[in-house]
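Single-structure report; data block below.
The values are calculated or read from the model by the stated rules, or taken from the named source; none is laboratory data. Just so we're clear, the structure is a prediction, and the values are computed from it rather than from any experiment. Cβ placement follows ideal geometry from the backbone for every residue including glycine, while neighbour counts extend to all protein chains displayed.
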Amino acid sequence: MVGPEVTESLGDVTATAHEAIVLVDEGQRVIGFNPAAELLFGCSASEALGASLDRFVPAWARNKHAEQARRFVVSAEAQRNHAARRRLAAVRADGREIGVEVTLSHVQALVGGESRRWSAALVRDLSTEDALRGEVDLMTRRLFAALDATPVAVWITEDERIVYANRIAARLAAAPDGEALRARMLDSLLTPATLAALRAATAEGALDASDPTVRVPGQLRREDAALRDIEIVLAPLPDHGHAVVQMVVDDVTEQRRHAAEQERSGRVLRRLQANVVEAREEERRRIARELHDELGQRLTALKMEVSSLAKRVGLQAADAPVSSMLAMLDETVAAVRRIASDLRPLMLDDLGLNAAIEWLVRDTARRTGIDISVQLSEAPESPGERLATALYRMVQEGLTNVVRHAQARHVQVQLRRDGDALELTVTDDGVGLPEPGAVREDAYGLLGLRERVAMLGGTLMLENRPEGGARLAVRLPLVRKARAGS
């Protein structure tokens with residue numbers, strides 16, 4: 001046994017230590033037990049001193065412990081191995097087993113003039129840490145179970161290596177299960193372009209933007225070598241920097257296919273609509289020409305024949321029957337000309353765009369009593385029949401809307417050239433435009449106006465003016481912008 005003066009000296013040394021320290025002699029008897037050890041093992045120093053160390057070792061581990069203790073005393077290699085922290089099992093005074101971390105070392109002491117060599121065990125309680133680790137493991141299992149039940153593909157990656165993949169992710173990649181994807185590198189699943197975009201999105205600072213949603217479009221290479229269009233939504237996990245990232249992978253192959261099909265159908269419909277518009281204008285031109293040339297000339301000839309017939313029978317133009325017939329013929333001729341002009345103003349073909357717009361403005365002002373001013377810059381030498389027709393129809397539609405809805409007293413029509421584009425504005429001082437939701441679904445005039453502008457690659461803006469009234473502004477390129485498939 002060790003004398004009391006030795007244990008007192010050891011107590012002075014170990015009392016202030018925060019970790020449990022247990023000293024044992026060559027016979028594996030406890031000769032030192034600091035306050036931290038008392039707290040850890042639930043045993044006072046007076047009870048522990050002189051007791052065999054086996055008291056604090058579970059029965060199932062005592063034989064192994066005895067062999068390790070013997071080797072530690074005689075083997076330098078064992079001493080080096082045990083110098084590192086090792087996880088072991090211990091038993092408290094109340095019989096409860098706990099996990100501990102033990103670091104062993106030798107202590108040389110001079111007792112009664114004789115050198116003695118003891119073993120010192122630095123013991124750290126792992127029970128709280130084990131409990132926390134158990135809770136973390138439980139929460140992790142619950143999280144993975146929840147992710148596995150989600151209807152979207154989810155990966156969790158660390159340094160571009162998949163550490164978790166749910167069942168939908170496995171199905172997307174044509175893998176048997178999520179476990180088959182774990183430890184896979186992203187470059188084995190994503191195309192090079194997709195991986196480059198993903199790296200740019202996960203670069204330092206890229207995920208710290210105010211918008212928490214970062215989407216990366218790309219392609220995934222399945223196990224069966226098929227490519228799928230995907231969209232990856234990124235979210236860095238808290239407290240992991242940018243190394244661990246959760247990725248929600250959405251298979252958008254069908255969506256993109258449908259979008260491409262809709263775009264193709266839209267291009268076909270736009271081409272069809274353009275052909276319909278052009279065919280309608282051509283039909284209007286033909287009917288207007290026939291009304292003007294054929295019916296107008298026949299009515300004029302008929303008026304001359306009526307006048308000649310009246311003279312032959314001795315009637316004067318002032319006589320009631322004759323004057324009534326001549327007035328009716330004049331009204332019919334005027335109606336034919338008006339109808340022909342509404343269908344297609346011949347001066348648009350004969351005299352050009354500016355003359356046609358001026359005539360339209362004067363005629364509208366005469367019929368409605370609205371003060372309409374017009375400012376026309378020099379038109380380009382050849383704006384093209386399609387563009388000229390479209391601009392005329394836009395002025396016509398703008399004036400029609402003003403007359404029907406604006407209750408305006410003054411209107412200004414302006415057409416000017418701005419570089420390689422023509423700008424048309426129709427401004428009024430009326431009641432203004434209704435709210436967007438108040439526009440009727442059957443407002444086909446406005447819809448047709450938008451479609452004409454779109455077909456010509458231009459822009460249209462409808463807005464209320466701060467001083468009152470509304471403004472229609474159209475900008476059309478003189479050289480039509482190229483549109484895919486149109």
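Listing for the model above:
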| item | result |
| --- | --- |
| Residue in region 289-306 that is modelled with pLDDT under 85, in a loop (DSSP other than H, G, I, E, B) and within 57 Å of the chain's Cα centre (by Cα) present | no |
| Single residue of region 203-226 satisfying the filter (modelled with pLDDT of 80 or more and not charged (D, E, K, R)) that is nearest to residue 245 (Cα to Cα) | 214 |
| Matching option when the condition is over 28 Å from residue 87 (Cα atoms), surrounded by 17 or more Cβ atoms within 10 Å (Cβ to Cβ) and either hydrophobic (A, V, I, L, M, F, W, C) or touching a Cys at 6+ places or on another chain (Cβ under 7 Å) (or both), among 145, 153, 121 | 153 |
| Residues located in region 114-132, provided they are part of a strand (DSSP E or B) and either closer than 19 Å to residue 18 by Cβ or among the hydrophobic types (A, V, I, L, M, F, W, C) (or both) | 118, 120, 121, 122, 123, 124, 125 |
| Answer from 222, 228, 285 - the residue that is under 27 Å from residue 455 (Cβ atoms), out of contact with any Phe, Trp or Tyr (no Cβ under 7 Å at 6 or more places or on another chain), of a type outside the set (Val, Ile, Thr) and surrounded by 12 or more Cβ atoms within 10 Å (Cβ to Cβ) | 285 |
| Conditions (1) farther than 24 Å from residue 344 by Cβ; (2) at pLDDT below 75; (3) among the charged types (D, E, K, R); number of the one not met by residue 312 | (2) |
| Every residue from region 317-375 that is closer than 18 Å to residue 409 by Cα and without any contact (Cβ under 8 Å) to a residue 40 or more places away in the chain | 360, 362, 363, 364, 365, 366, 367, 368, 369 |
| Verdict on residue 127 being touching a Gly at 6+ places or on another chain (Cβ under 8 Å), among the small types (Gly, Ala, Ser) and modelled with pLDDT of 80 or more | yes |
| Residue check for residue 397: closer than 20 Å to residue 284 by Cα and at pLDDT below 85 | no |
| Matching residues, region 82-113, being in a loop (DSSP other than H, G, I, E, B) and either modelled with pLDDT under 80 or outside the structural domain of residue 47 (by TED's automatic domain parsing) (or both) | 84, 85, 112, 113 |
| Some residue of region 32-55 being within 15 Å of residue 88 (Cβ to Cβ), surrounded by 17 or more Cβ atoms within 10 Å (Cβ to Cβ) and in contact with a Leu (Cβ under 9 Å, 6 or more places away or on another chain) | no |
| Sole residue being over 16 Å from residue 216 (Cβ atoms), out of contact with any strand residue (DSSP E or B) (no Cβ under 7 Å at 6 or more places or on another chain) and not hydrophobic (A, V, I, L, M, F, W, C), chosen from 116, 161, 167 | 167 |
| Residue check, residue 371 assigned by TED's automatic domain parsing to the domain that holds residue 458, within 25 Å of residue 334 (Cβ to Cβ) and touching a His at 6+ places or on another chain (Cβ under 9 Å) | yes |
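For every residue, the table says whether it meets (1) touching a helix residue (DSSP H, G or I) at 6+ places or on another chain (Cβ under 8 Å); (2) of a type in the set (S, T, N, Q); (3) surrounded by fewer than 17 Cβ atoms within 10 Å (Cβ to Cβ); (4) not in a strand (DSSP E or B).
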{"site": "372", "(1), (2), (3), (4)": "yes, no, no, no"}
{"site": "387", "(1), (2), (3), (4)": "no, no, no, yes"}
{"site": "402", "(1), (2), (3), (4)": "no, no, no, yes"}
{"site": "415", "(1), (2), (3), (4)": "yes, no, no, no"}
{"site": "427", "(1), (2), (3), (4)": "no, yes, no, no"}
